[in-house]
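J.: Structure incoming, see below.
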Amino acid sequence: MLDWRGTWVARLRILTLEIDQVEEQIADVIGELAPSLIAIVGCGTLTAAKILGETAGVARFKSKDAYARHNGTAPLPVWPSNKARHRLSRTGNRQLNTALHRISMTQAHWHPAAKASPIVERPAKCRVRTDANEAWGCDDPAMRPTLLIVDDHAGFRVSARRLLEADGFAVVGDAEGVGLALSAVALLSPDVVLVDIGLPDGDGFDLCAAIVAGHDAVVVLTSSRPIVGLQDRLELSGARGFIPKSELSGMAIRALTG
């Protein structure tokens, strides 16, 4: 039998040389068209080429704000409970957004000035949904209420996400404990936080009180166990209400949050 490994290795070496040549050509073009872009820390040749190509002429945007809206870095205003605030945008050109995100993350890890800046890091176990699901009840993604799920059972987080997305919520992330939940709320600014009462690293009632005290999010508590005897703690926590896991639905959450 023929040994194809040597053939494939040789082919890969040829492709590597061709890729290097193309990248050199791109670098020459970018150096002429946008030398200031290459000078930005964290912006390599291919990232700069992606920004130039996807922008297709920055002069076509009437302002920097219009460009920010185009690339998805402009926060979207929301007004829960008649209080104005903003949340991350899931719209715009995602190719541009990815390129800008790559630059910012590189700077955050390697650039001294950026490392010294106060930023909120994304929790390692907090997953953020960036795609628009056609099964959501609302046709406009910006109008769907955003929701964060806090529960230590992965199976429940998955099933609750599917259920609530089908009922018109935009589930922007989930967390399995108190520490991750607080970081996720600060980063994602959800409209609603669904919190399990029993968490491995803390108490759902205390987490609820901390979220209500420091953020604009509405908190709904849940559990697979009855809340009998815990009504006083429920009231003191500042939660909008309690829903048993067996009765969880988008309609039940809306009945509490309005």
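The values are calculated or read from the model by the stated rules, or taken from the named source; none is laboratory data. As the structure is a prediction and not an experimental result, all values here were calculated from the model. Ideal geometry is used to build each Cβ from the backbone, glycine not excepted, and the neighbour counts take in all protein chains shown.
J.: So which of Leu194, Leu163, Leu147, Leu199 is out of contact with any strand residue (DSSP E or B) (no Cβ under 8 Å at 6 or more places or on another chain), assigned by TED's automatic domain parsing to the domain that holds His215 and either surrounded by fewer than 18 Cβ atoms within 10 Å (Cβ to Cβ) or under 19 Å from Gly241 (Cα atoms) (or both)?
T.: When all the criteria are applied, what remains is Leu163.
J.: Oh, and also: State whether the residues of the range 29-40 include one that is assigned to a helix (DSSP H, G or I), touching a residue at least 40 places away in the same chain (Cβ under 8 Å) and closer than 28 Å to Arg94 by Cα.
T.: No, the conditions are met nowhere in the range 29-40.
J.: Considering only residues of the range 215-258 that are of a type in the set (Ser, Thr, Tyr) and in a loop (DSSP other than H, G, I, E, B), which is nearest to Val195 (Cα to Cα)?
T.: So the residue we want is Ser224.
J.: Then there is this: Among the residues of the range 41-61, which ones are surrounded by fewer than 17 Cβ atoms within 10 Å (Cβ to Cβ), closer than 20 Å to Ala108 by Cα and in contact (Cβ under 8 Å) with a residue 24 or more places away in the chain?
T.: Within the range 41-61, Val41 is the sole residue that qualifies.
J.: Spot the failing condition for Gly137; the list is (1) touching a Cys at 6+ places or on another chain (Cβ under 8 Å); (2) at pLDDT below 90, and only one is missed.
T.: (1) is the only condition that Gly137 fails.
J.: Among the residues of the range 207-226 satisfying the criterion of being under 14 Å from Ala252 (Cβ atoms) and β-branched (Val, Ile, Thr), which is farthest from the chain's Cα centre (by Cα)?
T.: The selected residue is Thr222.
J.: Return a yes/no flag: does the range 169-177 have any residue that is touching a residue at least 60 places away in the same chain (Cβ under 8 Å) and surrounded by fewer than 22 Cβ atoms within 10 Å (Cβ to Cβ).
T.: Within the range 169-177, none of the residues are touching a residue at least 60 places away in the same chain (Cβ under 8 Å) and surrounded by fewer than 22 Cβ atoms within 10 Å (Cβ to Cβ).
J.: Could you please find all residues in the range 166-191 being part of a loop (DSSP other than H, G, I, E, B), under 16 Å from the mean Cα position of the chain (by Cα) and either among the small types (Gly, Ala, Ser) or farther than 22 Å from Ser246 by Cα (or both)?
T.: Ser189, Pro190, Asp191
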